[in-house]
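What follows is a single structure, written as structure tokens, with notes after it.
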Amino acid sequence: MPARTPIVAANWKMHKTVAETEAFLDRFLGGIEQLEGVELFVCPPFPSLPAATERCRRSRVMVAAQNMHAEPHGAFTGEVSAPMLLELGVDGVILGHSERRAMFAETDEALASKVPAALGAGLTPILCVGETEAERDADRTEAVLGSQVEADLAEVDDDRLADVVIAYEPVWAIGTGRNATPEQAAEAVAFIRSLVAGRDQHAGGSIRILYGGSVKPGNAAELLAAETIDGALVGGASLRPGDFEEIALAAADSSASPAESSGSGADGAAGSQPRTAPSSLAPPIFPKVQTGFPCPRSRWSFSMAGAWLRMARATRSPRRPRPCSTSSGRATRTRPCRRAGATSACPMGRWATPRSVT
Ligand code: PGA
């Protein structure tokens, strides 16, 4: 099974001017220079993106926007397109955040266009899904996650599914100070993974799925230790460089294997390496297990969900290194390379190059 490198992303929402963005990064970048085993994103508001990409250019931190339109250009007042973000040196984009779904009428239909548009442009989509409190109370969590994941990824080719990052963000946990328990988060993330595996088994093992909702220094280690969770999308706590750094450290720690963490075992020194599953944890040949979740489209095989859920509960979660990223040293980017010949550096033939040369 492939290993997965955790991601920690700072969703600043409508916070931080350009000057505040620069001040944050001046402090934060110094603190995480030596940090390995985790990919970091900051996601400022649009006006601060140029300052962020400029500051992060020679760092290991990537920059994502908080929204984009699916079309590359057109009569869409107030909107921003993928080529515009790329021109600023942006690496990714948050899509489908619950605040956009609830307050700005972001629909699954729109997201079905935005996610492949982001991928096609070379941006990493960080797709947010999650249930409301009423939906959880009505025992509809899996139904909601199922329909969001299915609809939002419907137009993504199977061989690009693993390039999407999904953030499971229960709406009731966002900005409330009331995080999901590690068990709730891990269960939902495992379910989402099972949905992706139903489309493509390899993608199910490779895709990074984050948890978001009141993550803070005090709960990050516990949440990120959960076996299926590959990092965090952090709102409020990411506004303070010290707090965000602590969360990033917790994620880096979570990517060390138990033997590495405890300093025992033959490979104990390699603490920054992503965890890799022993061969006994190879992906299962999914048996037919019915979960009861209705599958409206034949493209999705929810019969696999039960197998994935059981496996996720029973095993450690291996991490997946991003193609062409190194697990040591500074500033290796994982963005599509448009330079002729540069793809030869990429073992998968499509991702490339240290940021300093892009
Ligand atoms: P929060 O926000 O960490 O403040 O709960 C998370 C998010 O909205 O992504």
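The values are calculated or read from the model by the stated rules, or taken from the named source; none is laboratory data. Quantities reported herein were computed from a predicted structural model and do not represent experimental measurements. We place every Cβ from the backbone using ideal geometry, glycine too, and count neighbours over all the protein chains shown. Ligands, DNA and RNA are excluded from the accessible area calculation, which covers all protein heavy atoms including side chains. Shrake-Rupley method; radii C 1.70, N 1.55, O 1.52, S 1.80 Å.
Expressed in nm to one decimal, what extension gain is obtained for the pair Arg178 and Leu86 from 0.36 nm per residue of sequence separation less their Cα-Cα distance? Don't skip to the end; give the middle numbers.
Working: separation 92, 0.36 × 92 = 33.12 nm, distance 3.53 nm.
Fully extending the segment from Arg178 to Leu86 adds 29.6 nm.
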Notebook entry, point to check: HN-Hα J couplings of segment 23-39 from phi, Karplus 6.51/-1.76/1.60, θ = phi - 60°, integer Hz, Gly and Pro as x?
Noted result: 5, 4, 5, 4, 7, 5, 4, x, x, 10, 3, 8, 6, 10, x, 8, 9
Check: Taking the highest mean first, how do the peptides 73-80, 29-36 order by number of other beta carbon atoms within 10 angstrom per residue?
Finding: 29-36, 73-80
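Over the alpha-carbon set of segment 1-153, divide Rg by the Kirkwood Rh and report the Rg/Rh ratio to two decimals.
0.99
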Margin query: Computing the accessible area with a 1.4 Å probe over protein heavy atoms, can you report the carbon and sulfur percentage for segment 45-123?
Written below: 57 percent
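Could you sort Thr228, Thr17 by accessible area so the largest value comes first, with the probe set to 1.4 Å?
Working: Thr228 10, Thr17 75 Å².
Largest accessible area first, the residues go Thr17, Thr228.
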Note to self: What are the ³J(HN,Hα) couplings of segment 233-245, residue after residue, when phi is run through the Karplus curve with 6.51, -1.76, 1.60 and θ = phi - 60°? Round to Hz, x for glycine and proline.
What the structure shows: 9, 10, x, x, 6, 7, 7, 10, x, x, 5, 5, 4
Next item on the list: Could you pull out every residue, at least 5 positions away or on a different chain, whose amide H is within less than 5 Å of the one on Gly212? Hs are placed 1.01 Å off N in the peptide plane, and Pro or chain starts have none.
Entry: Tyr168, Glu169, Leu233
Margin query: If the only charges are +1 at each Lys and Arg Cβ and -1 at each Asp and Glu Cβ, what is the size of the charge dipole of segment 33-90 around the Cα centre, to the nearest 20 debye?
Written below: 160 debye
Margin query: For Arg240, project a label point 7 Å along Cα to C-beta. Then give me every residue of segment 1-34 with its amide nitrogen under 19 Å of that point.
Written below: 9-17, 20-32
Notebook entry, point to check: Averaged per residue, what accessible surface does segment 41-139 expose to a 1.4 Å probe, in Å²?
Noted result: 41 Å²
Next item on the list: Lys and Arg at +1, Asp and Glu at -1: add these up for the other residues within a Cβ distance under 13 Å of Lys216 and post the number.
Entry: -2
Item checked: Built amide H within the under 5 Å cut-off of Ile94, gap 5+ -> Ala65, Gln66, Asn67, Ile126
Item checked: Zone residues, segment 195-224, relative to Asp158, backbone N less than 11 Å from point 7 Å out along Cα-to-Cβ -> 198-203
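Any idea what the dipole of segment 151-240 comes to, in debye rounded to 20, about its Cα centre with Lys/Arg Cβ at +1 and Asp/Glu Cβ at -1? Present the calculation step by step, with values, prior to reporting the outcome.
On the way: 7 positive and 13 negative charges, 100 e Å.
It works out to roughly 480 debye.
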Next item on the list: Please list the non-local residues whose amide H lies under 5 Å from the amide H of Ile32, H modeled 1.01 Å from N, same-chain partners needing a gap of 5 or more.
Entry: none
Notebook entry, point to check: Using r as the Cβ-Cβ distance of Glu222 and His202, and R0 as 25 Å, what FRET efficiency do you calculate, to the nearest 0.05?
Noted result: 0.25
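With 22 Å as the cut-off, how large is the P(r) tail for segment 84-212, expressed as percent of Cα-Cα pairs? Intermediate results must be reported in sequence, preceding the final value.
Values: 2626 of 8256 pairs.
Every Cα pair in segment 84-212 considered, those over 22 Å come to 32 percent.
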